[in-house]
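Engineer: One structure, as structure tokens, below. Some questions next.
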Amino acid sequence: MPKISQLFYASALALCAATPALAWEPTKPVEIVVAAGAGGASDQMARMIQAAIQKNNLMKQPMVVSLKGGASGAEALIYMKSGEADAHKFVIAYSLIYTLPLSAKIPFNWRDLTPVAILAFDQFILWTNAKDPYKSVKEFTDAAKAATPPFKMGGTGSKREDHILTAFIEKRTGAKFAYLPYKSGGEAATQLVGGHTAANVNNPSENVEEWRAGQVRAQCVFDAERISYKVKVSGDLSWNDVPTCKEQGLDVQYTMLRGMFLPGKVAPDVTTFYVDLFKKLVQTTEYKDYMEKQALKPVFMTGKDMTDFLQKDEELHKQLMTEAGFVATTN
Amino acid sequence: MEALGLLMLGFKALMTWKILALMLVGLVLGIFVGVLPGLGGPNGVAILLPLTFSMDPTSAIVMLSCLYWGALFGGAITSILFNIPGEAWSVATTFDGYPMAQQGRAAEALTAAFTSSFIGSLIAVMMITFLAPRIADFALKFGPPEFFAVYLLTFCSFVGLGKEARQKIVISMALGLLLAGVGMDTVSGQLRLTFGFTELLRGVNFLVAVIGLFGISEILVTMEERLALQGHPASLSFKVVWQVWKTLPRYWVTLLRSSAIGCWLGITPGGAIAASFMGYNLAKRFDKNPESFGTGRIEGVFAPETAAHAAGTSALLPMLALGIPGSGTAAILLGGLMVWGLNPGPLLFVEHKEFVWGTIASMYLGNVIGLIIVMCTVPFFAAVLRVPFSAVAPMIVVSCAIGAYAIQNAMFDVWLMLGFGVLGYVFKKLDYPLAPLTLALVLGSRAEDAFRLSMIGAGGDLRVFWSNWLVGSIATLALVLLFWPVIGMAIERATSTFSSKTA
């Protein structure tokens, strides 16, 4: 049976070529650390990654999701920082890596961890209740400027992305809002539908169900270009039909990274393994479906591109938060 | 009767051997995790979730929600036998359930708990079946002032209807509120009371506190008082079951009242935990002999268990219809829904009829099968109390420690639990009530957030709590309950002077 053995050797050779002999691989289950509560955007992303890697056999070891959302996610950051050189856990990070150290003086800097890859950018949209008459951003901001008591703007948490964006809008329009910090984006969404707030700046995924049900109106997206997805979502409208805020005369741009970080001081071949893993992950249909369903902007950014971006993004947050007075002073 | 037709559709989706088998697996695992304190429903569901990724959504939700029912049933077992509540809503069950077990009436208490949980869930499921679409609208009416009014109502019912000295209730509650303040403050985005310790960032976990306050402190007290005790004689026969069932119709008012409270608080997003306490307090309030509560009254088991399960069941409704989880377990189920490709929200009921009605039908079936299974275990669990205390106690301490650790995978929580054990011991020695502390710990930060959001929205105007009929009536009811002893006295005096005048 020379043929079969030849085939065997050939394939074995091919395998060897594909994976260098001493490449590092996880030797025990890998922990996906979520810096937010159950059911939130980070948790959903973790479950997607878990499912995609498991279904496509991208890794031999299983993955476990561990929720460390205590103290608005600070728990996860401290946990990752203390896990130096541990190659079996990574965190799904978002802008909290810049905001928490500034607003709550959490002893953390993203340079304490090892950046691996950015897998997506999350968008922000200005949403209003469909029962309210505002057909354009201008109508809404004009009404907000004239309103006493001020319009209520709902969002997730205090002195973080939604709050920063609200301050940014106030700065550009001159309108003042009473910002209401809720525990989650889902809560901010139902509070808008219930008429308890006038608007929110939720991510597309946080408001999509209410949008599909025709309960809220998507006024504009805070990005340089429109969202690319053209499949109809809400009635005749697709994500692509939502204008950018700049088109609507409100020049505010803000997006949020969804990036993977390993603990600090891991060996270089560990980082290589995970970069490779995520490279395979973004090819899976699970990942692509997830991006479209949540209206996320798919990217794959790693290495120097990523660190350059993180530096620039950190500067932007520092500037916005200082202007808004969100930076904690020593007391 | 469109609902009935849809329900039949749901039942049809369930009637396969595969789904029935999954149901059984879920229930048995659920009872198992429910019995281990701290492990509980949320952890069980989280552990099983990855197994469901390759299942179809209906099978997956049936298995996981049956695990949830199982855990709800199982939670009552440790509350009654060892005074260790496994979930927030089992706390009130310990008040009379544990004294009953100590008197050798464990089988009776367990039967009462299981039966009333069954009745509570059944009434809640029936409500879901017929009112589902309209309830979503009701839940949307709740803004920050309404939420605060509900929490206020719970706190006030404790102070106004408690049987202990009022000062002691208030002191215990204040201590709970203080502990609830530890960690990140959502409204200001600042850390509070952490004193620079990273372990305190998470705040004080409610279950860790409860396991210590009730479980460990009970062991300390027992060690001091009755170390020689050789277990309780517990009847092993099924006769007890029939005896309890025979007396059921007598308590129909309690059962109905608690179901109504449970359904109402369950559909109020986040209100489920308060239900068991309110059910218990109101049963005590309306009883002819309120002093005897806490000494082993069977109503003291019926009332909180019915309310807790009605609430626990109806809490799934805001999750499905609004995407807002009413409990920890519901939050993890929510994550599961997304993985299975379903989006909880207003359109779920329209677009995934088979899934929604399959879930509702599984609530009926799961409860019936669950009841049968747990009833068979009553003699077994009641017999656990025959084991000498000196053999059981170390096992309880170990399982408490495992439970406290497993909640957040933190060793610090084990020390914290032991600290709470000592605190609970001191409270018992000084005759301070533990329940207000636990209630304040679990609802304190929510009440605070709701109050501050109301104030931000209203520009600091307290009249916002009387700005519409819904919030106004809840807030007024809260104040009435708070001043109930004074009002009760005034009414008594008024009627006595009135009757003396007419006489």
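Derivation of every value follows stated rules applied to the coordinates shown; laboratory data play no part. Quick caveat, the model's predicted, so the values are computed rather than measured. Cβ atoms come from the backbone with ideal geometry, glycine included; neighbour counts cover every protein chain shown.
Engineer: Quick check: pseudo-label points 7 Å beyond the Cα along Cα→Cβ at residue A:143 and residue B:253, how many nm apart are they?
Structural biologist: Modelled inter-label distance: 5.1 nm.
Engineer: What is the mean number of Cβ atoms from other protein chains located within 10 Å of the Cβ atom of each residue in peptide B:440-453, rounded to a whole number?
Structural biologist: Across the residues of B:440-453, the mean count of other-chain Cβ atoms within 10 Å is 1.
Engineer: Also, I was wondering about something else. For the ranges A:111-117, B:96-102, what's the packing order if you count other beta-carbon atoms within 10 Å of each residue, average per peptide, and put the highest first?
Structural biologist: Packing proxy ranking, top to bottom: B:96-102, A:111-117.
Engineer: Something else: Pick from A:77, A:310, A:320: which is most flexible by mean-square fluctuation in a GNM of chain A where alpha carbon atoms under 10 Å apart are linked?
Structural biologist: A:320
Engineer: Okay, next question. Among A:101-109, A:122-130, A:140-148, how do they line up from the highest to the lowest mean number of other beta-carbon atoms within 10 Å?
Structural biologist: Taking the mean over residues of other Cβ atoms within 10 Å, the ranking is A:122-130, A:101-109, A:140-148.
Engineer: Now for a separate question. Per residue of B:459-466, how many C-beta atoms from partner chains lie within 10 Å of its own C-beta, taken as a mean?
Structural biologist: Whole-number average of other-chain Cβ neighbours for B:459-466 is 1.
Engineer: If you average the sequence gap of Cα pairs under 8 Å that are 6 or more apart and divide by the length of chain A, what percent do you get for the contact order?
Structural biologist: About 25 percent, as a whole number.
Engineer: Relative to the present Cα-Cα distance, how much length would full extension add between residue B:494 and residue B:469 at 0.36 nm per residue of separation?
Structural biologist: Extra length available between residue B:494 and residue B:469 comes to 6.1 nm.
Engineer: Okay, which of segment A:105-124 sit inside 15 Å, backbone N to the point 7 Å along the Cα-Cβ direction of residue A:305?
Structural biologist: Correct set: A:116-121.
Engineer: How far is helix A:41-55 tilted off the main Cα axis of chain A, in degrees rounded to 10, range 0 to 90?
Structural biologist: Its long axis makes an angle of about 30 degrees.
Engineer: How far apart, in nm, are two points set 7 Å out from the Cα along the Cα-to-Cβ line at residue B:168 and at residue B:390?
Structural biologist: Spacing of the two 7 Å Cα→Cβ label points: 3.3 nm.
Engineer: Once you have a ≥ b ≥ c as the square roots of the Cα gyration tensor eigenvalues for segment B:334-418, tell me rounded if a/c is under 1.5, and otherwise prolate or oblate according to whether a/b is larger than b/c.
Structural biologist: It comes out oblate by the Cα gyration axes.
Engineer: Could you put B:204, B:28 in order, starting from the residue whose Cβ has the fewest other Cβ atoms within 10 Å?
Structural biologist: Exposure proxy ranking, most exposed first: B:28, B:204.
Engineer: In Å and whole numbers, how far do the C-alpha atoms of chain A stretch along each principal axis, longest first?
Structural biologist: Projected onto the principal axes, the Cα atoms of chain A cover 84, 53, 30 Å.
Engineer: In peptide B:182-193, what is the residue-averaged number of other protein chain Cβ atoms found within 10 Å of each Cβ?
Structural biologist: What the average comes to for B:182-193 is 6.
Engineer: Span-like helices, chain B: DSSP H, alpha-carbon axial extent 30 Å or more, mean Kyte-Doolittle -0.5 or greater, which ones?
Structural biologist: B:57-82, B:106-140, B:353-384, B:435-458
Engineer: While we're on this one: What ranking do A:160, B:166 get, fewest neighbouring Cβ atoms within 10 angstrom at the top?
Structural biologist: Ranked by crowding around the Cβ, least crowded first: B:166, A:160.
Engineer: Principal axis extents for chain B, Cα atoms only, whole Å, descending order, please.
Structural biologist: So the three principal-axis extents are 67, 64, 61 Å.
Engineer: Let me ask you something else. Sorting A:139, B:299 on the 10 Å Cβ count, fewest up front, what's the list?
Structural biologist: Lowest count first: A:139, B:299.
Engineer: Here's a follow-up. Relative contact order of chain B: what whole-number percent is it, with Cα pairs under 8 angstrom and at least 6 residues apart?
Structural biologist: 28
Engineer: Something else: Where does the protein assembly as shown land at 222 nm, in deg cm²/dmol rounded to the nearest 500, when only DSSP H runs of n ≥ 4 count, each adding -39500 (n - 2.57), divided by all residues?
Structural biologist: When only DSSP H runs of four or more count, the value is -19500 deg cm²/dmol.
Engineer: Give me the dipole magnitude in Debye, nearest 20, for segment A:125-241 about the Cα centre, with unit charges on the beta carbon: positive for Lys and Arg, negative for Asp and Glu.
Structural biologist: Dipole about the Cα centre, nearest 20: 240 debye.
Engineer: I need the fraction of alpha carbon pairs in the protein assembly as shown separated by more than 49 Å, rounded to a whole percent.
Structural biologist: When all Cα pairs of the protein assembly as shown are counted, 20 percent exceed 49 Å.
Engineer: In the calculated pair distance distribution of segment B:44-106, what percentage of Cα-Cα distances lie above 14 Å?
Structural biologist: That fraction is 60 percent.
Engineer: Please compute P(r) over all alpha-carbon pairs of segment B:283-398, binned at 5 Å starting from zero, and give each bin as a whole-number percent.
Structural biologist: Result returned by the calculation: 2, 9, 12, 14, 13, 13, 14, 10, 7, 5, 1, 0.
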